[in-house]
Amino acid sequence: MPTPPELNEEFRSQAERTAAQAELRRLGYHLREVMTAADGAGSVPPWLTDELRKPLRGHVESPGERLARYRNVFADELQALDDALVSADNNQLDDYSLRAARYLARRLLATLLDCPSSEVTHRLPARPG
Amino acid sequence: MTETYEFTLLVAGPDLQTDEALNSLAETGCDDATVGSSGGVQYMDFDREASSYLAAVLSAIKDVEAAVPGARVVRVLPDEYVSLAEIAERTHRTRESVRLLSIGERGPGRFPPPAAREAERNKLWRWTEVAAWFADALEDEVPLGPPGHAAANAILDLRSSTSDLGLTDLALVRRELASILHRVRLMEIASPASLDAKDARWSHADSA
């Protein structure tokens, strides 16, 4: 699979960068909800409960088992994203890192929701607050 | 999948052309290189097979320095720093044409600033920046150099430039390196190839 060209480009304007930061924050918020639930530190968010009950490529597993397996398989990726979100909060991500973090967040959620990356945004609830 | 990469290493330290050094180089895997010297500078021309240019260069550096005690690779050629004359040669333009482009009297402007000897007549530019400008601003097809070339020289520069730093500066370098490492790790983890491999693992139920 070729590298998406968007990963190797600087943002063309401040507005484009601001939009990317907002999207990363939104995706990151939901991924942190997933991590908290998988770690047993919080309940499974309602938007995820239904998703976890859907069959996934023939796997027979409970929602809790699927969440635990996801946390295990993508432990490095989730940690990297969490680190990137901290950097983003401190405005320390350059354009390439911001693009990479957003791409990573989209892919992680697409895998969990079993949908194309382009549909992730539409499958998530609006971020509260 | 591997390819053969051509590059030259400049090597400081002991004479590499003694029988003992040549034998040792061959034994450590450098039988894909020829050794020479010019104007007191020792060099090794490599044709090395590897998975990438950077992998080829880094393995060659490791092999040379392991083979000959005291040998130290200082540069990978072609050099990242280029003069106006070298830019003209690589872009197939006249020197005057490049000079005018560099000072904004021809072309769209915003030519990259010199990277060294800014105040002197014989200024130097970073080739990767200049080549990118020619590609973007003029849509010229110029050789960018293999991916990893600038990184290889940056690694060599960094390891030679920290030996005379004081404690405070070493701490600053360490902090900057940690930041770079953090960024590199993110790029590595977020690469499509890496995520595709993880997705394949996710698709197998016994992956927990």
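The values are calculated or read from the model by the stated rules, or taken from the named source; none is laboratory data. A quick note: this is a predicted structure, and the numbers were derived from the prediction, not measured. Here the Cβ is made from the backbone with ideal geometry for all residues, glycine too, and neighbour counts use every protein chain on show.
Here are the numbers:
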{"quantity": "Qualifying residue in segment A:83-99 (condition: farther than 23 Å from A:Asn8 by Cα and not charged (D, E, K, R))", "calculated": "no"}
{"quantity": "Helices (runs of 4 or more DSSP H) within segment B:98-208 that include 3 or more residues within 30 Å of B:Arg72 (Cα to Cα) and within 14 Å of chain A (Cβ to nearest Cβ)", "calculated": "B:167-189"}
{"quantity": "Residue in segment B:34-54 that is of a type in the set (S, T, N, Q) and in contact with a Pro (Cβ under 8 Å, 6 or more places away or on another chain) present", "calculated": "yes"}
{"quantity": "In segment A:26-82, residue farthest from A:Arg107 (Cα to Cα) [restricted to those that are surrounded by 15 or more Cβ atoms within 10 Å (Cβ to Cβ), within 14 Å of another protein chain (Cβ to nearest Cβ) and acidic (Asp, Glu)]", "calculated": "A:Glu61"}
{"quantity": "Selection count where residues are under 15 Å from B:Trp127 (Cβ atoms), in contact (Cβ under 8 Å) with a residue 24 or more places away in the chain and not acidic (Asp, Glu), scope segment B:70-100", "calculated": "11"}
{"quantity": "Residue check for B:Ala178: under 27 Å from A:Ala101 (Cβ atoms), of a type in the set (A, V, I, L, M, F, W, C) and out of contact with any Phe, Trp or Tyr (no Cβ under 6 Å at 6 or more places or on another chain)", "calculated": "yes"}
{"quantity": "Candidates B:Leu58, B:Leu54, B:Leu138, B:Leu77, filtered to the one that is aliphatic (A, V, I, L, M) and more than 30 Å from B:Glu27 (Cβ to Cβ)", "calculated": "B:Leu138"}
{"quantity": "Flag if B:Asp63 is at pLDDT below 95 and within 20 Å of the chain's Cα centre (by Cα)", "calculated": "no"}
{"quantity": "Hits in segment B:16-29 (condition: more than 26 Å from the chain's Cα centre (by Cα) and either of a type in the set (A, V, I, L, M) or in a loop (DSSP other than H, G, I, E, B) (or both))", "calculated": "B:Thr18"}
{"quantity": "Residue, farthest from the chain's Cα centre (by Cα), within segment B:166-208, restricted to residues that are of a type in the set (Val, Ile, Thr) and farther than 15 Å from A:Asp76 by Cβ", "calculated": "B:Thr168"}
{"quantity": "Residue within segment B:158-179 that is under 28 Å from B:Ser51 (Cβ atoms), in contact with an Asp or Glu (Cβ under 9 Å, 6 or more places away or on another chain) and surrounded by fewer than 17 Cβ atoms within 10 Å (Cβ to Cβ) present", "calculated": "no"}
{"quantity": "Among the candidates B:Pro146, B:Pro108, residue that is closer than 30 Å to A:Arg107 by Cβ and touching a residue at least 24 places away in the same chain (Cβ under 8 Å)", "calculated": "B:Pro146"}
{"quantity": "Selection from segment A:94-129 of residues that are at the interface with another protein chain (Cβ under 9 Å from one of its Cβ atoms), over 14 Å from the mean Cα position of the chain (by Cα) and in contact (Cβ under 8 Å) with a residue 40 or more places away in the chain", "calculated": "A:Tyr96"}
{"quantity": "Contacts under 8 angstrom Cβ, first residue in segment B:1-15 being assigned to a strand (DSSP E or B), partner basic (Lys, Arg), 6 or more apart", "calculated": "B:Thr4/B:Arg48; B:Tyr5/B:Arg48; B:Phe7/B:Arg48; B:Leu9/B:Arg75; B:Leu10/B:Arg75; B:Val11/B:Arg72; B:Ala12/B:Arg72"}
{"quantity": "Scope segment B:115-127; condition closer than 14 Å to B:Ala85 by Cβ and surrounded by 11 or more Cβ atoms within 10 Å (Cβ to Cβ); matching residues", "calculated": "B:Arg117, B:Lys123, B:Leu124, B:Trp125, B:Trp127"}
